[in-house]
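Engineer: Provided herewith is a single structure, encoded as structure tokens, for subsequent inquiry.
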Amino acid sequence: MRILVADDDAVVREVVRRYLERDGFTVVETADGPATAEVLARNEIALAILDVMMPPPDGIELCRSVRAGPHSDTPIILLTALGEEEDRVLGLQSGADDYIVKPFSPRELTLRVASVLRRAQRAPAPAEQPALRSGAVELRPDSQAVLVEGRRVDLTAREFDLLAFLLAHPQQVFGRADLLEHVWGWSFGDQSTVTVHIKRLRAKLGAAHRIETVWGRGYAWGRPGDEDGEH
């Protein structure tokens with residue numbers, strides 16, 4: 001399985017490559033935006049690790065380009081020295097599956113890679129699994145489709161998983177750490193990832209969403225205590 005490591009720092013590339021190869025991956029290295037874009041365009045990799053601050057186009061630009069292109073489902077992890085929350089949020093809003101701040105633990109990075117790949121390679125749900133419905137929103141596990149008033153809405157794999165979990169547990173409140181564990185399968189990680197995915201889900205579902213913020217506790221699909229879970 002081929003992993004792209006794109007970073008203008010040769011030391012970072014070497015460390016990441018060594019750990020990934022130890023786990024059995026084949027690593028393709030690039031040091032700037034144009035070379036990275038060429039590799040991404042060939043669609044010969046299972047996952048891309050992109051440095052946010054490498055010579056342009058940088059990691060965020062490349063991530064946005066991938067998400068808007070024909071291979072939009074390519075898993076992407078952003079790697080950066082920018083650790084402020086607004087920087088992490090910007091990275092996740094660009095469509096990244098994960099965001100890791102330098103300096104980082106190489107072993108943690110390889111665990112994140114494995115987690116993102118597991119989700120990307122997950123087989124579709126069995127055809128007999130029933131659809132989940134709430135108001136105008138319908139989620140079909142068998143075809144991995146989400147409809148709003150009969151119109152298909154494009155979600156990333158993680159957005160789909162998050163919506164499916166919330167729909168399956170209406171009116172139940174889950175904190176960000178809970179959602180990180182149940183949806184992402186992580187007992188570690190940046191909880192702002194959850195915040196960004198909630199924001200993206202709300203935007204994509206529009207007025208049909210029923211994601212409530214329960215201050216000090218977390219999020220719920222439908223206001224807790226409402227019989228029908230609707231606004």
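Engineer: Kirkwood Rh over alpha-carbon pairs of the chain, then Stokes-Einstein at 10 °C and 1.306 mPa s: what D in µm² s⁻¹, rounded to an integer?
Structural biologist: 86
Engineer: What full-extension length gain, to one decimal in nm, is calculated for Asp23 and Asp73 as 0.36 nm per residue of separation minus the Cα-Cα distance?
Structural biologist: Result for the pair: 15.7 nm of gain on full extension.
Engineer: Between the helical axis of 106-120 and the dominant principal axis of the chain, each derived from Cα atoms, what acute angle in degrees is found, rounded to the nearest 10?
Structural biologist: 50
Engineer: In addition: Counting each DSSP H run of 4 or more residues in the chain as -39500 (n - 2.57), what helix-only mean residue ellipticity at 222 nm follows after dividing by all residues, to the nearest 500 deg cm²/dmol?
Structural biologist: Working: 8 runs with 87 residues, N = 231.
The helix contribution divided over the chain gives -11500 deg cm²/dmol.
Engineer: Please give me, ordered by residue number, the GluC sites (Glu not before Pro) of the stretch 1-91 that lie in loop per DSSP and have at most 13 other Cβ atoms within 10 Å.
Structural biologist: Filter output for the stretch 1-91: Glu44, Glu84.
Engineer: Compute the angle between helix 33-42 and the longest alpha-carbon principal axis of the chain, please, reported from 0 to 90 degrees and rounded to the nearest 10.
Structural biologist: Orientation of helix 33-42: about 60 degrees from the principal axis.
Engineer: Give the carbon-plus-sulfur fraction of the accessible surface of the stretch 1-90 in %, rounded to a whole number; probe 1.4 Å, heavy atoms of protein chains only.
Structural biologist: 49
Engineer: Quick query: amide H of Tyr99 versus all other amide H atoms, modeled in the peptide plane; which residues come in under 5 Å with a sequence gap of 5 or more or a different chain?
Structural biologist: So Tyr99 has HN proximity to Leu78.
Engineer: How big is the shadow of the Cα convex hull of the stretch 7-125, averaged over all directions, in nm²?
Structural biologist: One quarter of the hull surface, i.e. the mean projection, equals 7.3 nm².
Engineer: Ignoring trypsin sites (Lys or Arg not before Pro) that are buried or in helix or strand per DSSP, and keeping those with at most 14 other beta carbon atoms within 10 Å, what is the longest stretch of the chain between them?
Structural biologist: 1-121
Engineer: Which angle between 0 and 90 degrees, to the nearest 10, do you get for helix 192-205 versus the longest principal axis of the chain when only C-alpha atoms count?
Structural biologist: For helix 192-205, the angle is close to 60 degrees.
The values are calculated or read from the model by the stated rules, or taken from the named source; none is laboratory data. Please read all numbers here as calculations on a predicted model, not as lab measurements. Counting neighbours? That spans all protein chains shown, and the Cβs are built from the backbone with ideal geometry, glycine included. Protein only, heavy atoms only, side chains kept; ligands, DNA and RNA dropped before computing areas. Shrake-Rupley method; radii C 1.70, N 1.55, O 1.52, S 1.80 Å.
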